Amino acid sequence: MKLTYILPLFIIFCVIWMWKIWRRHIDLFIIGLYLIPLVFFTFLFILPLSSLFLAAFFYGGKISMYWFTSIFTDTFFINFQPRTGYMFNVYGDTMYIWGLDYGVILNTIIVALMTTLFSSILGLVTAFILARYDFPGKNLFRILLYVPMLATPFVNAYVLGKLFHPTSGLINFIFYDLLHLFPYRIDLNGLVGISLAQILSYFPIVYLNVQASLINIDPSLEEQAENLGAKGFSLFRRITFPLALPGLTAGMIITFIFSMEDLSAPIGFIGYSGNPLAKKVMSYYIFQSFSEAMRGVITPETAALSLILLSFSIFGFIMIKRYVSLKTYASISRGGRWNPRVKRIYGLRLFVVYVFLISIAIFASLPQIGTILLAITDWIISGILPKNITLEYFYSLLHPSVSRSISNSLVYSFIAVLIAVFIGSSSSYSVARFKGIIPSILDILSTIPVAIPGIVLAVGYFMFFTTFFRWTFLDPLLDPAPLLILAYSFRRLPFAARSIFAGLQQVHVALEEAAMNLGASRFKSFFKIVLPLILMHLFSGAILTFVYCMSESSTSVTLGALRWDRGPITFYINQVVYGSILVGSASVGASLCVLLMSIQILAITISNYILKQRVAIYGF
Amino acid sequence: MVRVKLDGVNKRFGNVVAAENVCLNILESEFFTILGPSGCGKTTLLRIIAGLEKMDSGRIFFDDVDVTNLPPYLRHTGMVFQNYALWPHMTVFDNVAFGLKIRKISKDEINRRVKEALELVKLSGLENRYPHQLSGGQQQRVALARALVIEPRVLLLDEPLSNLDAKLRIEMRSELKSLQKRLKITTIYVTHDQDEALTLSDRIAIMNSGRILQIGSPIEIYNKPRNLYVASFIGKCTLLNGEVKDVEDGYLAVKCDDMMLWGVPVSDEFTIKIGSKVACILRPEHFKIHVSEKDNVFVGYIKHISFLGSHNEVRVKVNGNEILAIFDSDFNIDVNKPIKIAIPRDRVMILPYDNAF
């Protein structure tokens with residue numbers, strides 16, 4: 001293949017490039033600083049995605065747009081006249097809300113837009129209330145709003161499917177049978193269901209980003225506006241909102257990207273009811289063709305579709321980069337330098353705020369509450385409400401195949417964290433300390449993993465490593481574990497890199513220069529001066545990276561499926577929810593989710609209260 | 001202690017010139033100050049000497065050894081940073097001992113030398129404090145002790161007093177000076193404060209936009225500024241442009257607008273002939289009210305008076321020009337009243353016009 005020529009050329013090019021820098025700095029430390037992350041990104045990002053390009057743009061041995069034109073002309077992918085689907089259609093006493101089938105690509109975009117729109121509204125309102133109003137119980141709501149972010153991969157949508165089941169769902173039981181508030185039984189499923197599941201788990205991303213922006217607004221800016229006569233909504237519209245816009249935009253675009261690459265919601269709904277519309281999104285389609293091609297070859301069509309999905313999220317990423325720079329998020333993590341403006345509220349206003357916050361806290365936590373119920377009761381078979389408490393599903397965690405997935409996840413995540421921290425510190429250090437083309441490339445590369453759909457990465461890794469690293473330890477067909485570890489460290493790198501970068505920004509360059517002036521080499525001054533000063537940031541970044549490695553799902557369910565004894569937790573959850581395994585039920589998956597949530601809560605607690613680091617979960 | 005020689009140092013940051021063909025020859029044990037406004041490149045020059053900044057071209061010598069390509073950690077200079085750069089995670093002792101530990105000096109020796117250094121800066125007893133537990137002045141002394149303890153070949157000071165309050169600054173100034181004289185250490189001091197430069201330095205280099213404009217002792221710089229920038233940067237002055245009309249006993253007669261002004265050229269190096277365009281520089285403190293023969297006399301009226309406690313700054317309008325003069329605090333003529341002031345002929349400094357800017 002052509003890549004066999006391009007690869008050596010690329011490496012020679014890199015070496016020449018390096019040599020130029022070598023001569024300028026004559027400093028081994030800096031060379032290592034640049035070279036190691038660049039090699040990492042070359043093999044885990046640039047080359048695998050290049051092989052996707054090669055596959056997608058070749059047809060019959062020639063460069064061609066064939067696969068793209070065939071996708072764009074196929075009504076399966078794009079269809080402006082939907083013939084299937086239900087949107088508010090009533091049959092008997094049930095109203096079906098599944099969404100209409102506009103083809104896989106358009107469906108994905110519509111779902112992502114809807115998710116982004118509603119997440120933004122909810123996130124913006126919540127952020128404003130919590131940042132600007134003071135009322136009893138505010139801190140409790142702050143904590144409760146972390147709950148929707150707790151990882152319940154695959155099970156979240158399964159729970160929603162169960163709650164909205166027309167006859168045996170709890171929601172319909174309460175609002176139709178009991179309170180007669182719904183005119184019909186509601187069957188919420190398919191594309192609309194996917195979007196709902198995503199809104200519930202992603203609106204806190206918008207909320208946290210906007211809140212960070214709001215807290216960082218210098219109160220004197222608003223006070224000046226008030227001094228000049230602005231008040232109420234006009235003050236919000238003219239001053240506060242524009243200043244919070246970077247946070248809102250960042251949150252919106254992240255939500256959009258996450259929605260497009262989400263596998264958890266489609267698989268959860270399919271696992272619960274086999275709904276045909278839940279299968280009609282790009283991420284699921286790619287996942288499915290990956291599973292079918294498991295031991296064979298990935299079709300160029302899948303590669304092309306992956307590239308289309310990738311281009312959407314990269315586009316979003318570029319938008320963020322243009323709008324909210326790396327510097328903004330550094331200042332976000334510092335935060336709270338001044339007393340933010342808060343207003344005490346009473347009476348009707350307080351009541352409205354409570355009603356809003358309580359309903360959103362409950363509704364958004366439904367997947368987590370449901371997951372816990374599935375894990376500790378017989379709810380999965382008992383119908384509308386759980387009847388008995390059981391520890392049966394927790395005991396099943398001790399089953400060899402389940403406990404093996406747990407230990408796999410722990411080992412993978414631990415090693416991945418070490419790699420991510422190492423790569424993250426070298427790239428952040430060069431971004432924070434040096435100017436030039438390589439640091440700016442590293443800057444982009446160490447944040448871009450957020451924008452790379454895991455499923456696309458999995459396809460790229462599979463194609464690249466089974467072609468060029470066949471029969472080596474990186475060959476996923478022999479053993480996917482090493483590649484999974486590298487995939488985790490790449491995908492979760494931004495968490496480590498961002499935290500370390502924030503730490504580095506607080507270490508003045510003069511502190512290192514003083515050490516060098518007194519005789520310490522750059523290497524020594526890094527380890528004696530910089531490292532001790534950023535240690536807390538480093539640990540907090542490592543903990544966060546660990547948590548998100550544990551709950552990583554896209555590459556886990558694809559690459560992890562290549563050898564079942566190597567599958568991590570999320571792979572196992574996927575198997576039981578999706579129903580392609582006979583051992584255990586979704587409740588076993590739910591108890592694994594409870595385990596994940598506990599790890600997550602523990603990590604956030606350690607980070608916030610012991611390391612005293614404010615953890616921004618997602619954001620730029 | 002070493003001589004420091006800079007030979008044709010050039011440095012640009014993008015379009016900004018930080019150093020343009022800078023040549024300096026700093027003598028052994030000299031207190032040498034680089035004085036200039038912020039952004040003139042003086043800190044960059046100091047960092048180039050320390051090796052923290054790479055220059056575009058030029059060479060640097062310590063004595064006769066070329067250190068141009070030596071990394072900072074091999075140059076053996078002691079630098080005090082503007083913000084002190086004390087490591088917040090280390091105690092005073094650890095901060096000061098750092099350079100010695102890096103040099104793998106024995107424990108006893110480290111203890112002895114750190115103790116000595118702290119005594120030198122009068123901080124004995126504070127070894128176990130952390131930087132945030134110290135006052136600004138104390139932090140500054142720790143930074144100084146940290147730089148001195150390694151017995152550097154050159155002491156580099158980057159505006160070390162600028163973060164202190166006015167009273168402390170003046171106190172530290174004299175301490176610094178006596179310390180330097182005692183240790184006889186070659187010192188390069190960077191500042192934008194002309195008072196500091198004048199009181200501390202053996203020699204001063206005035207810098208602007210990356211260029212060295214004049215090098216000389218404080219007295220030379222003040223009394224014989226070689227160009228207008230130096231004249232106005234050090235002390236205050238009034239500038240009058242004119243044309244040389246006559247020469248008599250070494251004095252030049254300059255016609256400025258309608259006035260005839262007698263004065264002396266700043267340096268013999270300049271060739272000033274009858275008909276040359278020149279600039280006259282008048283220091284405000286050289287004006288007096290009592291007129292004697294041969295003085296240059298100005299008749300005008302008072303435009304503005306600033307009372308400054310020890311003296312009055314008076315702006316006198318003479319024809320189209322405004323002249324700045326300083327008088328005693330018992331000066332008691334009101335604004336808008338006519339006044340006659342005078343300046344001796346040998347106090348009027350004359351610069352060729354081409355050289356002035």
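Classify chain A from the C-alpha gyration tensor, please: rounded if a/c falls under 1.5, else prolate or oblate depending on whether a/b exceeds b/c.
In terms of gyration-tensor shape, oblate.
Please list 3J(HN,Hα) in residue order for the stretch B:314-331, calculated via the Karplus relation 6.51 cos²θ - 1.76 cosθ + 1.60 where θ = phi - 60°; whole Hz, with x for glycine and proline.
For the stretch B:314-331, the Karplus-derived couplings read 10, 9, 10, 8, 10, 6, x, 9, 10, 10, 9, 9, 10, 10, 4, 6, 8, 4 Hz, x marking Gly and Pro.
Please report A:W471, A:W17 as a ranked list, fewest other C-beta atoms within 10 angstrom at the top and most at the bottom.
A:W471, A:W17
Which order, highest average first, do B:49-57, A:425-433, A:303-311 follow once you tally other Cβ atoms within 10 Å for each residue and take the mean per peptide?
Put in order of decreasing packing, that is A:425-433, A:303-311, B:49-57.
Expressed in nm to one decimal, what extension gain is obtained for the pair A:L245 and A:F351 from 0.36 nm per residue of sequence separation less their Cα-Cα distance?
Difference between extended and current length: 35.4 nm.
Calculate I(q)/I(0) for the stretch A:150-230 by the Debye formula, one identical point scatterer on each C-alpha and no solvent, and give its log10 at q = 0.12, 0.21, 0.23, 0.24 Å⁻¹ to two decimals.
Each listed q corresponds, in turn, to -0.57, -0.97, -1.07, -1.10.
Show that you can apply the helix-only estimate: for chain A, add -39,500 (n - 2.57) for every DSSP H stretch of four or more residues, divide by all residues, and state [θ] at 222 nm to the nearest 500.
Rounded to the nearest 500, it is -21000 deg cm²/dmol.
Which peptide among B:174-182, B:102-110 comes first, and what is the full order, when sorted by highest mean count of other Cβ atoms within 10 Å?
Peptide ranking by packing, descending: B:174-182, B:102-110.
Per residue of B:69-76, what is the mean number of Cβ atoms on other protein chains within 10 angstrom of that residue's Cβ?
Across B:69-76, the average partner-chain Cβ count within 10 Å equals 5.
Starting from the amide H of A:G519, placed 1.01 Å from N in the peptide plane, find each other amide H under 5 Å away whose residue is 5 or more places distant or on another chain.
Those lying under 5 Å, H to H, from A:G519: there are none.
Karplus couplings for the stretch A:353-359 from phi (6.51 cos²θ - 1.76 cosθ + 1.60, θ = phi - 60°), rounded to Hz, Gly and Pro as x?
Values, residue by residue: 4, 4, 4, 4, 5, 5, 5 Hz.
Run the dipole for the protein assembly as shown about the Cα centre, Lys and Arg Cβ at +1, Asp and Glu Cβ at -1, nothing else charged, and hand back the magnitude in debye, nearest 20.
680
Expressed as cubic angstrom per residue, what is the convex hull volume of the alpha carbon set of the stretch B:187-261?
About 115 Å³ per residue, rounded to a whole number.
What is the Cα centroid distance between the stretch B:297-314 and the stretch A:377-408, reported in whole angstrom?
With the stretch B:297-314 and the stretch A:377-408 each reduced to a Cα centre, they are spaced 93 Å.
Give the separation of the Cα centroids, the stretch B:169-202 to the stretch A:468-529, in Å.
What the calculation gives is 44 Å, centre to centre.
Any idea what the dipole of the stretch A:146-229 comes to, in debye rounded to 20, about its Cα centre with Lys/Arg Cβ at +1 and Asp/Glu Cβ at -1?
600
For the stretch A:596-615 and the stretch A:44-71, compute the distance between their C-alpha centroids and round to whole Å.
Cα centres, the stretch A:596-615 to the stretch A:44-71: 43 Å.
How crowded by other chains is B:82-90, given as the mean number of beta carbons from other chains within 10 Å of each beta carbon?
Mean shielding by partner chains, rounded to a whole number: 5.
Give me, ordered by chain and number, the residues 5 or more places off A:R185 or on other chains with an amide H under 5 Å from its own placed amide H.
A:T94, A:M95
I need B:Y189, B:Y73, A:Y91 ordered by Cβ neighbour count within 10 Å, fewest first.
Neighbour counts put them in this order, fewest first: A:Y91, B:Y73, B:Y189.
Give me the Kirkwood hydrodynamic radius of the stretch B:219-349 in Å, from all C-alpha pairs, to one decimal place?
15.3
Excluding B:I170 itself, calculate the net charge of residues whose Cβ lies under 13 Å from the Cβ of B:I170, where each Lys or Arg counts +1 and each Asp or Glu counts -1.
So the environment of B:I170 carries a net charge of -2.
Taking amide H positions as placed in the peptide plane 1.01 Å from N, state which residues far from B:A18 in sequence (5 or more) or on other chains have amide H under 5 Å from it.
B:K11, B:R12, B:F13
I need to check one value: relative contact order of chain B, counting alpha carbon pairs closer than 8 Å and at least 6 residues apart, in percent.
Normalised by residue count, the contact order of chain B is 16 percent.
Relative contact order, percent, of chain A when contacts are C-alpha pairs under 8 Å separated by at least 6 residues?
About 19 percent, as a whole number.
For chain B, what number results from the quotient of the Cα radius of gyration and 2.2 N^0.38 Å?
Here the Cα radius of gyration is 1.19 times the empirical estimate.
Calculate the translational D of the stretch A:462-599 in whole µm² s⁻¹ from Stokes-Einstein, where the hydrodynamic radius comes from the Kirkwood formula applied to all Cα pairs, the temperature is 4 °C and the viscosity 1.567 mPa s.
Estimated via Stokes-Einstein, D reaches 73 µm²/s.
Provide the packing ranking of B:203-212, A:66-75, A:231-240, i.e. peptides ordered by the mean count of other C-beta atoms within 10 Å per residue, highest first.
By packing density, highest mean first, the sequence is B:203-212, A:66-75, A:231-240.
Among A:I298, A:V159, A:L477, which residue has its Cα positioned farthest towards the positive end of the charge dipole of the protein assembly as shown, with +1 placed on the Cβ of Lys and Arg, -1 on the Cβ of Asp and Glu, and the dipole taken about the Cα centre?
Sorting the options by dipole projection puts first A:L477.
Which order results if A:F10, A:F462, A:F269 are arranged by neighbouring Cβ count within 10 Å, fewest first?
Listed from fewest to most nearby Cβ atoms, that is A:F10, A:F462, A:F269.
Which residue, B:C237, B:G263, B:I343, has the largest displacement toward the positive end of the dipole of chain B when charges sit on each Cβ (Lys, Arg +1; Asp, Glu -1)?
Positive-end residue among those listed: B:C237.
Per residue of A:504-513, how many C-beta atoms from partner chains lie within 10 Å of its own C-beta, taken as a mean?
What the average comes to for A:504-513 is 4.
Taking every pair of alpha-carbon atoms in the stretch A:40-95, give the share separated by more than 14 Å as a whole percent.
72
In the structure shown, do any of A:K435/A:K528; B:K236/B:K303; A:K321/A:K528; B:K11/B:K115; B:K294/B:K317; B:K224/B:K273 have a Cα-Cα gap over 28 Å, and if so which?
A:K321/A:K528; B:K11/B:K115
Positive end of the charge dipole of the protein assembly as shown (Lys, Arg +1 and Asp, Glu -1 on Cβ, about the Cα centre): tell me which of B:L46, B:G8, A:I599 has its Cα farthest that way.
Checked the options; the winner is A:I599.
Read the figures in this text as sums done on the coordinates, not as results from a lab. The structure presented is a predicted model; accordingly, all values stated were derived computationally and were not measured. Cβ: placed from backbone, ideal geometry, glycine included. Neighbour counts: every protein chain shown.
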